[in-house]
Amino acid sequence: MKIVLKHLTKEFPSRTKKGEVTVAVNDFDIEIPDGKLIGLLGPSGCGKSTALNLICGLETPTRGQIFFGENDVTKLSPENRGIGMVFQNYALYPHLTVEQNIRFPLENLKGKNKISKEEMNAKVLEAAKLVQIDDYMERKPNQLSGGQQQRVAIARALVKRPQVLLLDEPLSNLDARLRLQTREEIRRIQKETLITTIFVTHDQEEAMSISDLIVVMKTGVIQQVGKPQEVYNKPVNLFVAKFLGTPAINVFEGRMEGGKLLIGGKAVLERPDVPDQDVYVGIRPEGFIVDGNGPFELDLQSVEVMGRDTSVVAEHPSSLSGTTRAIVSTDDAEHVGGKKVRFSLKKAKVHLFRKDTEELIED
Ligand code: ADP
Ligand code: MG
């Protein structure tokens, strides 16, 4: 099911400033394609949960519309939207078994939607199998690991065969290993069912690794929509550039002059098409090439070998992001040592941003 949001906006009375409003979701205008997994990504407080709550109907928009396919569902109640929802804190019924928890949404079906006991059993088993929890049907939630509990929550969300699955930071309560495993599970389930899924997270790595498309937002406003690698390779502004990638992008104060990019007054790269101006320079950690004759010289701090790759840690007075981290191949880092290190730069990994708007300067 395709989801279309038109000028979707939600204002709340501000929690901190009396008489003011917080625009939690600001003029969302976006089409979410059918059958894909969309990662809704942004820092805490940027409006992700509010956006999800609007889509599922738990919140009423201040302005704007929500369409599922061609249907305007803006005024439909949550139970009539055909949505499955999973939250961070599994929210299972503690006194019910796994089987009863998954069955619960079916028991509540009313009128013509009511289904027979046999149908119910079949659907419950199917959902349990899909999330691979069918060996634990008689257990209570407190006899399960966090990851298993979250799988039950996902099965419960899927048992009615929703057209849309909404997941609000579903992995945040899990430890690192389970987080990795469960996110792969979610990816598999989504691919198997092809249910249009919106996955909310503040963790860029999580979003990048499982999404077909990511939507990056900041203070209620969508910044960029695209395939994870596209957004990583071509961030529309400095915020997006800084938000995606580990280690983070290295940011410097710079200046364009006569087609040359200067950092600390020294030319480090040719960018013939960019007019003279002060700029922010973002250099991805993989954008550095160890080069004894390279134009970009930094004060070497340390060299950390991590197997195949080596992290070269250095300092530069024009850095705006603390120490600079270059990820190079361990073979290339062999001769790095002493007080200074020199690099040349990979052009595609160096992004320039306007000083005033922080928007990407395109070639
Ligand atoms: P996220 O899920 O990205 O952390 P939220 O959607 O929970 O962000 O919140 C977005 C903004 O809206 C925050 O500034 C938050 O304080 C505010 N907000 C959310 N819900 C309410 C509410 N019921 N009343 C007032 N402000 C709210
Ligand atoms: Mg939230």
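The values are calculated or read from the model by the stated rules, or taken from the named source; none is laboratory data. It should be emphasised that the depicted structure is a prediction, and the values quoted were computed from it without experimental measurement. Virtual Cβ from ideal backbone geometry, glycine too; neighbours counted across all protein chains shown. These accessible areas exclude ligands, DNA and RNA; they are computed on the full protein's heavy atoms, side chains included. Shrake-Rupley method; radii C 1.70, N 1.55, O 1.52, S 1.80 Å.
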**OP:** Would you please state the base-10 log of I(q)/I(0) at q = 0.14, 0.23 1/Å for the stretch 99-150, with intensities from the Debye formula using one equal scatterer on every alpha carbon?
**Re:** -0.38, -0.87
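Counting Lys and Arg as +1 and Asp and Glu as -1, each charge on the Cβ, what is the dipole of the stretch 284-336 about the Cα centre in debye, to the nearest 20? Let's see the in-between values first.
Working: 3 positive and 10 negative charges, 40 e Å.
In total the dipole reaches around 200 debye.
So if I place +1 on the C-beta of Lys and Arg and -1 on the C-beta of Asp and Glu, and nothing else carries charge, what would the dipole magnitude of the stretch 212-347 be about its Cα centre? I want it in debye, nearest 20. Before the final figure, lay out the partial values.
Working: 16 positive and 18 negative charges, 50 e Å.
Magnitude of the dipole: close to 240 debye.
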Original post:
How large is the helix-only mean residue ellipticity at 222 nm for the chain, computed as the sum of -39500 (n - 2.57) over DSSP H runs with n ≥ 4, divided by its residue count, in deg cm²/dmol to the nearest 500?
Top reply: -7000 deg cm²/dmol
Original post:
Which Cα, out of V328, V251, Q223, lies furthest along the positive dipole direction of the chain (beta carbon charges, K/R +1, D/E -1)?
Top reply: Q223
**OP:** Using the Kirkwood radius over Cα pairs, work out the Stokes-Einstein diffusion coefficient for the stretch 289-363 at 4 °C and 1.567 mPa s, in µm²/s as a whole number.
**Re:** 96 µm²/s
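Keeping the other protein chains in place, figure out the carbon and sulfur percent of the accessible area of the stretch 3-237, with a 1.4 Å probe. Mind showing how you got there, number by number?
Values: 5540 of 11550 Å².
Solvent-exposed carbon and sulfur of the stretch 3-237 make up 48 percent of the total.
Please compute the per residue accessible area over the stretch 3-237 with all protein chains in place, 1.4 Å probe, rounded to a whole number of Å².
Values: 11550 Å² over 235 residues.
For the stretch 3-237, the solvent-accessible area averages 49 Å² per residue.
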Original post:
Taking the chain as the region of interest, what is the percent of Cα-Cα pairs per 10 angstrom bin, listed from the shortest bin to the one with the maximum distance?
Top reply: 5, 21, 25, 21, 16, 9, 3, 0
Original post:
Which whole-Hz ³J(HN,Hα) couplings does the stretch 351-357 yield from phi under the Karplus relation 6.51 cos²θ - 1.76 cosθ + 1.60, θ = phi - 60°, glycine and proline marked x?
Top reply: 10, 9, 10, 5, 5, 7, 9
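Just subtract the alpha-carbon distance of E70 and D291 from 0.36 nm times their residue separation and send over the number in nm, one decimal. Walk me through the intermediate numbers first.
Working: separation 221, 0.36 × 221 = 79.56 nm, distance 5.68 nm.
Difference between extended and current length: 73.9 nm.
In debye, nearest 20: dipole of the chain around its Cα centre with unit charges on the Cβ of K, R (+) and D, E (-)?
Working: 49 positive and 50 negative charges, 231 e Å.
Charge dipole of the chain: 1100 debye, to the nearest 20.
Ignoring any ligand, DNA or RNA, what whole percent of the accessible area of the stretch 243-354 comes from carbon and sulfur when the probe is 1.4 angstrom?
Values: 2550 of 5380 Å².
Here it works out to 47 percent.
For the chain, calculate the relative contact order in percent as a whole number, restricting contacts to Cα pairs under 8 Å that are 6 or more residues apart. Walk me through the numbers before you get to the answer.
Details: 780 pairs, mean separation 55.9, N = 363.
Normalised by residue count, the contact order of the chain is 15 percent.
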Original post:
Which one of V290, L37, A155 has its Cα pushed farthest toward the positive end of the charge dipole of the chain, where Lys and Arg give +1 and Asp and Glu give -1 at the Cβ?
Top reply: A155
Original post:
Among K129, K112, K339, which one moves the most in a GNM of the chain with springs linking Cα atoms closer than 10 Å?
Top reply: K112
